[in-house]
Structures are given as structure tokens and as C-alpha cells.
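J.: Okay, handing you the structure first.
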Amino acid sequence: MHIKIDRDSCIGAGQCALTAPGVFTQDDDGFSEVLPGREDGGGDPLLREAARACPVGAITVSEG
């Protein structure tokens, strides 16, 4: 898996971090980021749900 966060679109709603806290966090400014070592999603079953939960569609999850 490959996770991409469009930092220009992110509004810091935090839905990704609430849905998949083992993959996402929020930086000091409140914007989403992937936790270190979790760039591939870490097998988290809620990864895609977290991407769908983003109100502005800032998260893209792709294979490979």
C-alpha cells in the first residue's frame, strides 16, 4: 500500500487519526500525517475507511 496526503487540501479535521490511530496522527499545526514506519499502512484494516472519512478527500490509498 502507498498512502498520500494532499497537504494543500487537508483541513485538519482529524477523521483519519480518529479512524486509524495506528496509521495517522496530526502534526503540531493540526494537519494529518502518516506515523513513522506506517507509510505502507501497517496492515491496518481501517486504513481505507480512514481515507474515506476525510471530509475533503485529501488521502489517497493505492496498491504498490
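J.: For Val56, all conditions in the list (1) modelled with pLDDT of 95 or more; (2) not in a loop (DSSP other than H, G, I, E, B); (3) not charged (D, E, K, R) hold save one; what is the number of the exception?
T.: All conditions pass for Val56, except number (2).
J.: Within the stretch 12-45, restricting attention to residues that are open to solvent by 80 Å² or more (accessible area, probe 1.4 Å) and in contact (Cβ under 8 Å) with a residue 12 or more places away in the chain, which residue is farthest from Met1 (Cα to Cα)?
T.: Asp29
J.: If you check Glu49 against the conditions, is it of a type outside the set (A, V, I, L, M) and part of a helix (DSSP H, G or I)?
T.: Values: of a type outside the set (A, V, I, L, M): yes; part of a helix (DSSP H, G or I): yes.
Against the criterion (of a type outside the set (A, V, I, L, M) and part of a helix (DSSP H, G or I)), Glu49 qualifies.
J.: Here's something else I'd like to know. So, in the stretch 3-18, exactly how many residues are within 9 Å of the chain's Cα centre (by Cα) and in a helix (DSSP H, G or I)?
T.: 3
J.: Would you check which residues across the stretch 1-11 are surrounded by fewer than 17 Cβ atoms within 10 Å (Cβ to Cβ) and free of Cβ contacts under 8 Å to residues at least 60 places away in the same chain and list them?
T.: Listed by number, the residues that qualify are Lys4, Asp6, Arg7, Asp8, Ser9, Ile11.
J.: While we're on this one: Of the conditions (1) under 10 Å from the mean Cα position of the chain (by Cα); (2) at pLDDT below 95, Leu35 satisfies every one except a single condition; which number is it?
T.: (2)
The values are calculated or read from the model by the stated rules, or taken from the named source; none is laboratory data. It should be emphasised that the depicted structure is a prediction, and the values quoted were computed from it without experimental measurement. Don't worry about glycine lacking a Cβ; one is built from the backbone with ideal geometry, like all the others, and counts go over all protein chains shown. Surface areas here come from the heavy atoms of the whole protein model, side chains and all, with no ligands, DNA or RNA. Shrake-Rupley method; radii C 1.70, N 1.55, O 1.52, S 1.80 Å.
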